[in-house]
Amino acid sequence: MMRTIWVLLLGLALFLGPGGKGWAAPGGPSLLEDLEYQVNLGVLQDMARVHLRLFQEDAGRYRAEVTGAAQGAWKVLNRWLPERYETEMALEAGQLKPLVFREVFEAQGQRISKEYRFDYSGEVLEAWRGVDGRGPVKEWQIPLREPVYDPFTLFYNIRLGALGPLKPGQVLRVAAIPNPEPRQMIINLGQKTEQGWKVMLTVKSKGGDDAYGPYFLLLTPQNVPQTAWMRALGFARLSGDLLNPGKIMKDGLPGAPQLSRQDETNQK
């Protein structure tokens with residue numbers, strides 16, 4: 001059940017992991033945005049808090065990460081929660097490109113770390129895996145001939161407007177990180193309402209056998225999820241709710257001022 005929470009949050013570019021530290025480099029990156037979400041399961045409120053943060057590491061280099069923890073009595077669940085997710089990104093020609101996507105989690109009593117390394121000059125995507133602190137070993141590599149997105153990079157590119165103007169009724173299909181078979185993130189853009197822009201997201205493998213979702217979102221005018229939810233355990237509503245909408249980045253991404261300033265037609 002708890003793994004389902006992380007699948008939901010991954011799909012929404014909202015991620016959860018215990019602890020408050022990421023891979024921040026010495027000297028301190030610049031914090032550009034810090035969004036806090038509350039996780040609920042049916043009548044069980046405030047099971048966990050999530051922080052989705054964006055940092056500028058250097059000129060044209062950015063890092064998105066998650067920190068968070070279970071709340072109150074739910075802290076006993078921390079042992080089952082993945083530790084972290086993170087993406088390093090580069091800004092090129094007004095679009096963010098993933099450089100490394102990392103995840104650390106526990107599975108069958110082992111601490112697993114994974115890295116997906118994007119080698120654009122060599123046109124390959126490599127997957128590396130480490131177990132219980134041992135050095136990572138390359139699991140596989142595939143040709144990298146088209147844009148492939150992790151959830152962080154997709155989330156910020158949508159806000160950047162790098163995928164073009166988005167309109168109600170549109171279906172957006174993008175290549176997701178493979179496993180190693182190709183996978184797609186399919187985003188169905190619904191109607192805009194007073195409560196927010198309705199969006200449905202699914203993740204499917206090329207053959208259709210491996211699927212996650214659907215996930216349902218209500219977006220703010222800046223295309224930030226204010227509420228995201230899915231069905232868990234067959235009946236309960238698993239949701240994440242934005243607690244600090246006033247902290248949504250307003251000044252734009254350094255080097256790409258159009259971020260969070262969608263085309264006026266996108267707001268109608």
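The values are calculated or read from the model by the stated rules, or taken from the named source; none is laboratory data. Values in this document were obtained by computation on a predicted structure and should not be read as measured data. Counting neighbours? That spans all protein chains shown, and the Cβs are built from the backbone with ideal geometry, glycine included.
All conditions but one from (1) at pLDDT below 85; (2) surrounded by 15 or more Cβ atoms within 10 Å (Cβ to Cβ); (3) of a type in the set (A, V, I, L, M) apply to residue 199; the one that does not is (1). Do we find a residue being farther than 27 Å from residue 94 by Cα, of a type outside the set (Gly, Ala, Ser) and part of a loop (DSSP other than H, G, I, E, B) anywhere in segment 215-231? No, segment 215-231 contains no residue that is farther than 27 Å from residue 94 by Cα, of a type outside the set (Gly, Ala, Ser) and part of a loop (DSSP other than H, G, I, E, B).
Scanning segment 141-160 for residues that are touching a strand residue (DSSP E or B) at 6+ places or on another chain (Cβ under 9 Å) and outside any helix (DSSP H, G or I) yields 141, 142, 143, 144, 146, 147, 148, 149, 150. Residues in segment 150-196 that are at positive phi and either of a type in the set (Ser, Thr, Tyr) or free of Cβ contacts under 8 Å to residues at least 24 places away in the same chain (or both): 164, 169.
Look at (1) out of contact with any Asp or Glu (no Cβ under 7 Å at 6 or more places or on another chain); (2) within 21 Å of residue 153 (Cβ to Cβ); (3) assigned to a strand (DSSP E or B) and you find that residue 106 fails only one, number (2). Filtering segment 230-252 to residues that are of a type in the set (Asp, Glu) and modelled with pLDDT of 70 or more leaves only 241.
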